[in-house]
Amino acid sequence: MNSNDVSRDFITRRVFRALGRQTAGAMLLFAVAAMAVDPNYVKTTTYAEESHGPVTTITYTDGLGRTIQTQTLAEGNDQAMVTAREYDQAGRHTKTSRLFAHTSDGTFLSDGIKKANSALGDPAYVETEYANDPLGRPKKRGAPGNTFKIGGGHDTEYWYFGTVRDPGASHEWLTDSGFVKESKLEDLTDDTDFGISSPTHHLTISRDPDGAYFQEMTDAFGRTVATWAADGNGQEIESRYEYDILGNMLKEIPPGGKLGPTEYDYDALGRIVSKKGPDAKEVKYYYDDAGLLEKVMDGNAWARGEWWAEENGVFEVTAAPGYRYDNYGRQVMTQILIESYRLVGYEYISTLEETCTKVRSIYDNPEDAEPFIANSAISSYRLSQLANTRGRVAVRIAYGEECRCLNEAEEAECAQKVIEAFWYDTEGRVLFKFLSIPGRDEQVFYYAYDKQGKPVMRQYFPREGQIDVITFYNYDDFGRLSRIYQDGETRVTYTYDERGMLTEKTFYEAENNTMEQDPVYTVSYDYHDDRDWLTKIDVPEGETSAFTEELFYENSPAGAVGNRYGGDISAVVLYQRDQQGREQRLDLRYTYDNLSRLTDVAHVRHGDDDMRLRYGSTFEYKADGRFTTKRDGADQSHWGNYTYYDDIRGYDAGDKKSSRLSGIGGVYPKGTWLYDANGNMTVDKSKNMVISYDWRNLPVLISFYDTIEGETVDEVQNNIEDGTMTRVSHVKMLYDAGGNRVQKQAFKQQR
């Protein structure tokens, strides 16, 4: 092993200390006395780079192996970051403290919860109270802070009962489905008796910090068969689930009875073979003899095969994504499988006609990519440089929609392809990445890592003749990102408080900057005293781009009526200055229903500021979560109801609807948005826009026309082909093998 290999090693030292083994007869005494002696610990030391000492994490456990305290220390820093845990006499976990800072050399801190309270304010812990029954189920849960603690008025509470699915319409406590009636929820006690002698299902009821109730019904096998909630405005929301005898979910039935269900089928091995929903045509899954996914027949398979059918005079053709593997089960190709169908008797028989390669992954031997690198920026010499590729992907090639790639020769000729080539270090980390994008020189990325595997440098060579861009990443004693350098100059610095919360992010000039110079501006962050929620983002007065944004939760400016206790933002107040230096204030106040769905955004005017009241919105929902209405702006009178298309399964779904939006009353007529068989929005008449997708349902072409003519996707496509519609601009996008967009081209002229 050479010195470079040693410098890259992830060096970790672990020290164990444990009590001696106990005999079986002494086990009870051992458990009771577990806390009477120094606790066991595991000490992990991770050695950092030259300017920083090691980071040590010590995990203390009691005699039963339960974690009771964790400390993280950095050399040269006398403040450890600590969390503490407590258990009740039955061994159940009852309290976990917030992370707090405390002076420590790593020695176990007794009374850890009390020390957390002293540092952060009592209570500084999450607490669970359990029911006094043999199952020991949670009864109440509280969060840090007097408002959120158990008994503080905004904790979470649980009840557990037995129920049946059909108690009868006249039952005092239960609905027809076996849930507790909304009107009776406030009357629940631990001793409530529904009068059911032989319950068949378990019912768990919870009340969240905002006072909203949720009910979950499970069967004897623990499977969720139904859930219940109410929005607080008279609408009850019940979802149902059906299973087969093996526990596989067969059907998800949305609440309200208006949105079509989602259905699943499985084979004898429990693998999903079919999925049918209201928004897209059925998707079928096929597997090879090894159980690996071989083909996905989605709703667009027939449309995708039309070009081949027309060229070859065949009527029934599909083009579906298929997957190929090597002998090690590694996926090496994604192809479009072109299959024709002919009727034999009463059965359609398929024939694989051709395959179009879309993604090729080459493992182990980079030279195997040699036949495919023509018309790219990757050279044979580059392939020969790649190192440490054994057992790893060496080259990935993604072919765009403009290439058919019916054979290896066409793959080589394809000019619309993205090639990634990888050079690894001995630890398996990417050292160099070489990228080829159409119309660009080869792009080279170099990465360097510290001993913990964190990136410390990224060097980018954009193209031949251009200056490379070098970015360095610095970390503090605890391994947190502290500074970003680029081209030898500081770009951003990060500051944290003693608990590791980001408090400042400072940006510096792009040129001729040193650390001694004043920064361009500093963004500071404040957090909730008890919950660590972000409460303020601030750029101080006098600095460029000055602004302040305040976020409210249980302390809404609107008063108690607007307070939220579960983490929802109740209000946002933004202060900013216009170009004349005048302060503008944007005050938005949020209202939610009992499912935490946003129902109202109130834009409040302050004084004589000239910011128009244009950010207000109101929302109404169907039981299944779709919008009934959504109104925006100062004048909301013209916004009407949302309309949706029927369930794509048609007669099989009866009067069920889908979640595909068709129009908005008073604004956009029905048929404004059109969709393909996979549920992708392909036509937006409000923007005169048509979108084409690839086999992954990623948009590859967005075209804008002078007008949109046609009531269906097929009619619109025919009008494009016969010239009825004129394209005025378009945007093309290209993706790598992982589905990441690497190129976006906009064209103003007609093409």
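The values are calculated or read from the model by the stated rules, or taken from the named source; none is laboratory data. Predicted, not measured: the structure shown is a model, and the values here were computed from it. When we count neighbours, we look across all protein chains shown, and the Cβ atoms used for this are built from the backbone with ideal geometry, even at glycine.
Residue-wise test of (1) in contact with a Gly (Cβ under 6 Å, 6 or more places away or on another chain); (2) under 30 Å from Ser570 (Cα atoms).
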residue	(1), (2)
Gly168	no, no
Asp176	no, no
Glu182	no, yes
Leu185	no, yes
Asp193	no, no
Ser197	no, no
Asp210	yes, yes
Phe214	no, yes
Val225	no, no
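State all residues of region 728-751 that are modelled with pLDDT of 95 or more and not hydrophobic (A, V, I, L, M, F, W, C); if no residue qualifies, say none. Answer for region 728-751, where residues must be modelled with pLDDT of 95 or more and not hydrophobic (A, V, I, L, M, F, W, C): Ser729, His730, Lys732, Tyr735, Asp736, Gly738, Gly739, Asn740, Arg741, Gln743, Lys744, Gln745. When only residues in region 571-605 that are of a type in the set (S, T, N, Q) and more than 23 Å from Gly234 (Cβ to Cβ) count, which is surrounded by the most Cβ atoms within 10 Å (Cβ to Cβ)? It comes out as Gln576. Among residues of region 724-749 that are closer than 18 Å to Glu402 by Cβ and among the polar types (S, T, N, Q), those with a beta-carbon under 6 Å from a residue that is in a loop (DSSP other than H, G, I, E, B) and at pLDDT 95 or above at least six positions away or on a different chain give the pairs Gln743/Ile437.
Has region 354-366 got at least one residue that is in a strand (DSSP E or B), of a type in the set (S, T, N, Q) and either exposed (fewer than 13 other Cβ atoms within 10 Å of the Cβ) or touching a residue at least 60 places away in the same chain (Cβ under 8 Å) (or both)? Yes.
The lone criterion from (1) without any contact (Cβ under 8 Å) to a residue 40 or more places away in the chain; (2) farther than 21 Å from Asp736 by Cβ; (3) in a strand (DSSP E or B) left unmet by Val456 is number (1). Looking only at region 411-439, residues that are part of a helix (DSSP H, G or I) and either crowded, with 17+ Cβ neighbours inside 10 Å or charged (D, E, K, R) (or both) come to 2 in all. Just one of the numbered conditions (1) over 25 Å from Asp593 (Cα atoms); (2) in a strand (DSSP E or B) is not true of Lys670; which one? It is condition (2) that Lys670 fails. Here Lys505 meets the list (1) over 30 Å from the mean Cα position of the chain (by Cα); (2) at pLDDT 90 or above almost entirely, failing just condition (1). Pairing residues of region 86-99 that are under 19 Å from Ala131 (Cα atoms) and touching a residue at least 24 places away in the same chain (Cβ under 8 Å) with residues that are surrounded by fewer than 16 Cβ atoms within 10 Å (Cβ to Cβ) and of a type in the set (Gly, Ala, Ser), at Cβ distances under 7 Å and at least 6 apart in sequence or on separate chains, gives Ala90/Gly136; Arg92/Gly136.
Listed here are the residues, each with its yes/no results for (1) not aromatic (Phe, Trp, Tyr); (2) not in a loop (DSSP other than H, G, I, E, B).
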{"position": "Ser596", "(1), (2)": "yes, no"}
{"position": "Phe619", "(1), (2)": "no, yes"}
{"position": "Ala623", "(1), (2)": "yes, no"}
{"position": "Lys630", "(1), (2)": "yes, yes"}
{"position": "Gly663", "(1), (2)": "yes, yes"}
{"position": "Asn678", "(1), (2)": "yes, no"}
{"position": "Trp695", "(1), (2)": "no, no"}
{"position": "Val700", "(1), (2)": "yes, yes"}
